[in-house]
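> This is the structure I want to talk about, given as structure tokens.
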Amino acid sequence: MLLNYTDISPIKKSVEVEIPASLIESEANRVTNEFGRQAKIPGFRPGKIPPNVVRSRFAKEIQEEVMSRLLPRTFRDAVAERGVEPIGDPHLEHLDPFIEGAAVKYKAQFEVKPHIELADYRGIEIDEPKIEVTETDVESMIERLRDQASAYRPETERGLDEGDFAIIEMTSTPEGGEPHKDSGHFRLGEDALPELQEVLRGKKPGESATFEKAYGDDAQNESWRGKNVHHDVTLTEIRVQEKPEVNDEFAKSVGGWDSVDAMREAITADIRRHREIEALRAKRNQLGEKLVADHHFDVPEALVQEELEKSINNYARYLASQGVDIEKAEIDWRKAGEEFRPEAEKRVKRGLILEAIGKKEGVVVSDVEVDAEIRRASTEGGREFAEVKHRLKHDGGYEALRDSLLQEKALELVLKEARAH
């Protein structure tokens, strides 16, 4: 029974609810019977324990189970009377002590989605990115293909020269530390220590050199930070890159094209397609920014926290993909959350605006469309469609996906109405 409803703010509400004694007693009897069927008490056969014995033996557990069932049920009924839809979990501010035979009152605070007064979303002006593919773009891609198809010939007659690949073995000894052996390669004139390149320039395979380097506090190797390090390096091999000629044979070998002309056409079309995708993404981002700037309302904290959790999880997955041990790394997750928060709030706001536009325009997302998206994602992830759908249905993700698709449809509608300049 709803006793009181308070509008704290446009997105924050409070309810005071009374659970009748009769409802508590009815649920307590049901829970007592369930406990009685499973309980094991010396002197009684399973399933034959008198209810009064069960209630006496498991009084605390039965009370907790009764309230864990009735609180969410009566809360849902109470807010339904007011026609509002809570988001996130309610915050229980007060709960009467459990007294057998008495009603229980409680007070809970919760959030709702804001009512959005939509600004004009038709004819929004956006920049139209210019899409062009130059000959330089095509040549650059062909050079990348030549690099990938290159052979690397050993060079033994001369010393290391610009553009050569040097294969090395190096022992590094920081002052006051232990020597560390390593091996690797680099291209002379490119991404290696200038001191290393200088001492090996002109050297032949098998020759060695030494150099000293003072490292700053930002050195990648922790044991070298703020120290002088002595390096002994041996040039074990020189490799010279030999790029294939650009001819029909090359076109067939790298992409299955019949000719160089066909390769150029295909590369041009591929670059254009990628730039069109990027241009569309840029236009959608522009619309999102303008919609957020044109609407002012409070954002529910529950939705912001949900979005922040996604951002943090994505960041953790990215770090793990880069070889970072999340458990051992000293990451300030609170600080990361603070940094991610502005964008999280913006994404929530954008989603609520698009949801409001979708509802105003009568946009509908059918089960068939939701299932199609689940099937696509399942196929890409190598998972079973039925399993993914069941999980989404169980944890509320199915309707969340429907909302997301509705927002996408609303954004497409706004994009079609936008004016490019």
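> Projected onto the charge dipole of the chain (+1 at Lys/Arg Cβ, -1 at Asp/Glu Cβ, origin at the Cα centre), which of Ser208, His295, Thr173 gives the Cα projection farthest towards the positive end?
Checked the options; the winner is His295.
> Just the ratio, please: alpha-carbon radius of gyration of the range 306-391 over 2.2 N^0.38 Å, N its number of residues.
1.46
> In debye to the nearest 20, how big a dipole does the range 118-239 give about its Cα centre with +1 on each Lys and Arg Cβ and -1 on each Asp and Glu Cβ?
The calculation lands at about 540 debye.
> Let me ask something additional. Give the carbon-plus-sulfur fraction of the accessible surface of the range 83-128 in %, rounded to a whole number; probe 1.4 Å, heavy atoms of protein chains only.
47
> What is the mean projected area of the alpha carbon convex hull for the chain, to one decimal in square nanometres?
Here the figure is 35.6 nm², rounded to one decimal.
> For the chain, what relative contact order do you get, as a whole percent, if you take Cα pairs closer than 8 Å and at least 6 residues apart?
16
> Determine the principal axes of the Cα atoms in the range 153-200, then give the extent along each, sorted from largest to smallest and rounded to whole angstroms.
39, 19, 15
> Give me the percent relative contact order of the range 107-216, please, defined on Cα pairs under 8 angstrom at least 6 residues apart.
20
> Can you check what the Kirkwood hydrodynamic radius comes to for the range 223-305, Cα pairs only, in Å to one decimal?
Mean inverse Cα-Cα distance, inverted, gives 19.8 Å.
> Another question about this same structure. Work out the count of Lys pairs in the range 302-407 where the Cα-Cα distance is under 28 Å, with the pair 8 or more places apart or on different chains.
Qualifying lysine pairs in the range 302-407: 19.
> Please give the length that would be gained between Arg73 and Thr173 if that part of the chain were fully extended, namely 0.36 nm times their separation in residues minus their C-alpha to C-alpha distance (nm, one decimal).
Here the segment from Arg73 to Thr173 would lengthen by 29.2 nm.
> Also: Using only Cα positions of the range 110-255, each an equal point scatterer, no hydration layer, compute I(q)/I(0) via Debye at q = 0.11, 0.13, 0.19, 0.20 Å⁻¹ and quote the log10 values to two decimals.
The computed values of log10 I(q)/I(0) come out as -0.65, -0.76, -1.13, -1.18.
> Compute the length gained on full extension between Thr210 and Glu157: take 0.36 nm times their separation in residues and subtract their Cα-Cα distance, giving the result in nm to one decimal.
Computed gain between Thr210 and Glu157 is 16.8 nm.
> Modelled label-to-label distance, Lys310 and Leu2, 7 Å Cα→beta-carbon offset: nm?
3.0
> So what is log10(I(q)/I(0)) for the range 1-126 at q = 0.20, 0.23 1/Å, when the Debye sum runs over its Cα atoms only?
The computed values of log10 I(q)/I(0) come out as -1.05, -1.24.
> What whole-number value in cubic angstrom gives the convex hull volume per residue for the C-alpha atoms of the range 132-174?
163
> Looking only at the range 127-145, which residues have a backbone nitrogen under 19 Å from a spot 7 Å from the Cα of Thr268 in the C-beta direction?
130-145, by backbone N distance to the label point.
> With an 8 Å Cα cut-off and a minimum separation of 6 or more residues, compute the relative contact order for the range 209-266 in percent.
Relative CO of the range 209-266 lands at 23 percent.
> Sort 305-314, 8-17, 321-330, 173-182 by packing, meaning the average of other beta carbons within 10 Å per residue, with the highest value first.
8-17, 305-314, 173-182, 321-330
> Another question, then. Would you mind getting the accessible area per residue of the chain, heavy atoms of the protein chains only, 1.4 Å probe, in Å²?
62
> Using a 1.4 Å probe on the protein chains only, how many percent of the accessible area of the range 253-304 belongs to carbon and sulfur?
Carbon and sulfur atoms account for 48 percent of the accessible area of the range 253-304.
> Can you check what the net charge comes to around Arg37, using other residues whose Cβ is under 15 Å from the Cβ of Arg37 (Lys, Arg +1; Asp, Glu -1)?
Charge balance in the 15 Å sphere: +3.
> By how many nm would the segment from His180 to Asp218 grow when fully extended, if each residue of separation counts as 0.36 nm and the alpha-carbon distance is taken off?
11.8 nm
The values are calculated or read from the model by the stated rules, or taken from the named source; none is laboratory data. Being a predicted model, the structure only gives us computed values, none of them experimental. Here Cβ is always computed from backbone atoms with ideal geometry, including for glycine, and neighbour counts include all displayed protein chains. Heavy atoms of the whole protein, side chains included, go into the accessibility calculation; ligands, DNA and RNA do not. Shrake-Rupley method; radii C 1.70, N 1.55, O 1.52, S 1.80 Å.
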